[in-house]
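Q: Structure provided below as structure tokens; questions to follow.
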Amino acid sequence: MKTSLKLLSLVVISVITINLAQAHCQVPCGIFGDQMRIDMLREHITTIEKSMNQINELSKNTAANVNQLVRWVNNKDTHADEFTEIVTYYFLAQRIKITDAGDKMAFADYQRKVTFLHQMMVYAMKSKQTTDLDNVKELSKLVDQFQEVYFSADDKKHLKLHKN
């Protein structure tokens with residue numbers, strides 16, 4: 001019995017550790033992959049869109065497809081959450097630095113980036129609430145706009161994996 005309990009404890013600890021390791025840590029390691037995170041956001045959007053399409057298609061015959069419907073809804077919601085996690089824990093918490101309001105140009109840039117990230121979080125939430133593909137289109141457009149601002153000519157340092 002003790003062996004089974006130890007094995008179960010090891011499995012539970014492993015699962016928790018793996019889940020925690022999926023998000024970029026908040027230890028100041030200085031290792032960032034900004035373009036990779038943008039690519040991950042786009043992948044999540046593609047998956048959310050596919051999930052919505054599948055949900056809409058399977059909803060035509062709910063009784064026959066209830067299990068698959070549930071799985072696609074869960075998939076859509078999971079990817080919307082992972083999208084939001086990148087926006088909050090990676091970009092907002094670690095990459096977008098708080099700027100002194102006295103430096104008007106830098107503060108305007110900061111506000112623009114934070115605004116795009118906030119809008120992205122809202123549309124990720126709306127993507128969880130519905131299967132309206134307009135939310136996915138808006139989310140994709142916002143990622144494009146954020147990428148353009150984030151990787152601006154004045155901010156080329158973000159284009160490579162680098163130390164902060």
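Q: Measuring from label point to label point, each 7 Å out along Cα→Cβ, what is the THR88 to GLN35 span in nm?
A: The answer from the label model is 2.9 nm.
Q: What's the magnitude of the charge dipole for the range 34-164 around its Cα centre, counting Lys and Arg as +1 and Asp and Glu as -1 at the beta-carbon? Answer in Debye, nearest 20.
A: Values: 19 positive and 19 negative charges, 33 e Å.
So the magnitude is around 160 debye.
Q: Now for a different question. What is the extension gain from THR130 to LYS97, computed as 0.36 nm multiplied by their sequence separation minus the C-alpha to C-alpha distance, in nm to one decimal? Can you show the working numbers first?
A: Details: separation 33, 0.36 × 33 = 11.88 nm, distance 3.28 nm.
The THR130-LYS97 span can extend by a further 8.6 nm.
Q: Could you order peptides 61-74, 135-148 by the average number of other Cβ atoms within 10 Å of their residues, highest first?
A: 135-148, 61-74
Q: Pop out the Kirkwood hydrodynamic radius of the range 32-159 from its pairwise C-alpha distances, inverse of mean 1/r, in Å to one decimal.
A: 15.6 Å
Q: While we're looking at this one, here's another question. For a quick protection proxy, order the peptides 111-120, 79-88, 31-40 by their average other-Cβ count within 10 Å, most packed first. Walk me through the numbers on the way to the answer.
A: Values: 111-120: 17.8, 79-88: 20.2, 31-40: 15.4.
Going from most to least packed, we get 79-88, 111-120, 31-40.
Q: Moving on to the next point. With 19 Å as the limit, write out which pairs from LYS50/LYS113; LYS60/LYS137; LYS76/LYS137; LYS50/LYS128; LYS50/LYS126 have Cα-Cα distances beyond it, or answer none. The partial results should precede the final answer.
A: Details: LYS50/LYS113 28 Å; LYS60/LYS137 23 Å; LYS76/LYS137 15 Å; LYS50/LYS128 13 Å; LYS50/LYS126 16 Å.
Flagged as over cut-off: LYS50/LYS113; LYS60/LYS137.
Rule-based calculations on the coordinates, nothing more; no lab input. Because the structure is predicted, anything quoted here is derived from the model rather than measured. Because the Cβ atoms are built from the backbone with ideal geometry, glycine has one as well, and the counts that use them run over all protein chains shown.
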